[in-house]
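For reference, the structure discussed in these notes is given below.
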């Protein structure tokens, strides 16, 4: 036992000796390092700690570029010179702000308000006070730099919309991040004064376009003046987006609406791609990039013509006679009528105590379905609608996408309204009346649609089979032009094969609307191009039975009828489908059809 005990004692002494040696070495190293830092380099590091500091400065990432379908730049970035302030570097903040305001000849109050809004930003980080400085102001600040401690001028990319108001409702604009957004997880890495996408493609693809900010380590002195850059991490630019929009066709559509209000849409009926979509009046998104003033903002939101509203997806209007397409399809599919069914139009149709008029005072006489569509006879479709009933009208409307959003990649799209008996009981607490079916059958009464829904409807008739989801984005690419994501046509509905015969009947009639005698769309005729279409005149307010044409013309502008025209061309091999809505424009045949003619003729030249 004594032998084992001596061995254990020897091992313990060896281990203890090793620990003592290692500890001695470690302490020697630590003491040597402290001696080096405090004695040999003490003055140097003392000077650095007292006078110089390391700052982390953010380098904003350039936002992704937006192109049209042919690779032409719609939206780019330009350098913006911004003035920032770092409160930690300033002994007297109020005095510095006052001096800055005096030098730049600008009010103090807005500068102080921006400081308050950026209170969440730590005092050792720069806070942006003024964006997009001009050269004169930059020169003044640089001249007075010694009297402006903590003031720096930074360069960052600013959004620049090359064509200003063109396609602004599609592209959207940038705006300051809101208090609620900055609190959310999605924007947790943003600063309170950051600009983010607020509308349109800029908003829908914010994450895609934004990119990843870089940064630099900057050594500054006690006054906040930069001494040197220690390290830089370059920002990663946002991904680029290529739209389905054709710049030339977009210009054609917007130019055709000069002096009018409303919207125009050009769609490829074979895949759902939007070639142009204009809402008039428009706005200039550059106002938001450079910092919109309160006066400019109030002017926009108080404008009675609502320039910030995208009428193509948010405007809800009675479709008027365009809805007769749905009534005709429902009548044929339900067996209420055949193409040969003839009904009489004397100019009025009595139901109960009410006398329902046709737009043509003397009536159309006895006509079949084809002539009823060509000449847009109201009385014919009153009778068809009465036979079909409101719920079956709603059924066929829904097949063609009416009464529901299309799913286009823009926010705040409206549903429109296709009424049913159940809807009225639920919404208005009253029973459906027979007379209301007559109004619905010609696209009046409770019926509301959006122009984008009409674009999908006429496109499905143009291609004869498929209802496509409208598409605005073709692809997303990185800075090296590598495709990150590509978008393909998406079918919302395929018309059953046993309904193709019905579709052909309607297509033949739409050709007649433009090309046959007495057709309501004759003003859309184009020499050398076959155009098919349908006019619509949507009442804003109902007129009394005894109203005369003179009295109608005396109706205030805001109460006048909306003018519609939907079309596709060429008729036998459609390349484009077009929707034109002129707010308070009067008759579709005389107001909207000529605009559509111009759009179709010039757009087909672009597509050759």
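Computed from the coordinates by the stated procedures, all read-outs in this text should not be read as laboratory data. Note that the structure is a prediction, hence the values are computed from the model and not measured. Note: ideal-geometry Cβ built from the backbone for every residue, glycine included; neighbour counts use all protein chains shown.
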At residue 35 and residue 353, where each label point lies 7 Å from the Cα along Cα→Cβ, what is the point-to-point distance in nanometres?
11.4 nm
Between residue 417 and residue 95, how high is the FRET efficiency from 1/(1 + (r/R0)^6) when r is the Cβ-Cβ distance and R₀ = 45 Å? Nearest 0.05.
0.15
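Kindly state, to the nearest 0.05, the FRET efficiency for residue 188 paired with residue 14, given R0 = 60 Å and r defined as their beta-carbon distance.
0.60
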Cα-projected label distance for residue 142 with residue 116, points at 7 Å along beta-carbon direction, nm
3.5 nm
Compute the long axis of helix 324-333 from its Cα atoms, compare it with the longest principal axis of the Cα atoms of the chain, and write down the angle in degrees, 0 to 90, nearest 10.
70 degrees
Most packed first (mean Cβ within 10 Å per residue), the peptides 135-148, 362-375, 409-422, 317-330 order as 317-330, 362-375, 409-422, 135-148
Prolate/oblate/rounded label for segment 55-243 (Cα gyration tensor, a/c 1.5):
prolate
The list (1) -0.24, -1.07; (2) -0.36, -1.03; (3) -0.32, -1.08 gives values of log10 I(q)/I(0) by the Debye sum over Cα atoms at q = 0.05, 0.11 Å⁻¹, and only one came from this structure; which label was calculated from it?
(2)
Roughly speaking, what is the stretch gain from residue 25 to residue 125, that is 0.36 nm per residue apart minus the C-alpha to C-alpha distance, in nm to one decimal?
31.8 nm
In whole Å, how far is the Cα centre of segment 124-191 from that of segment 470-485?
27 Å
What is the helix-to-structure angle for 390-399, meaning the angle in degrees between its Cα long axis and the longest Cα principal axis of the chain, kept from 0 to 90 and rounded to the nearest 10?
50 degrees
Simple label model, 7 Å out from Cα along Cβ direction - residue 590 to residue 434, nm:
3.5 nm
Estimated FRET transfer efficiency when R0 is 51 angstrom, pair residue 340-residue 485 (beta carbons, to 0.05):
0.50
0 to 90° range, to nearest 10: angle between helix 247-256 axis and the chain longest Cα axis:
50 degrees
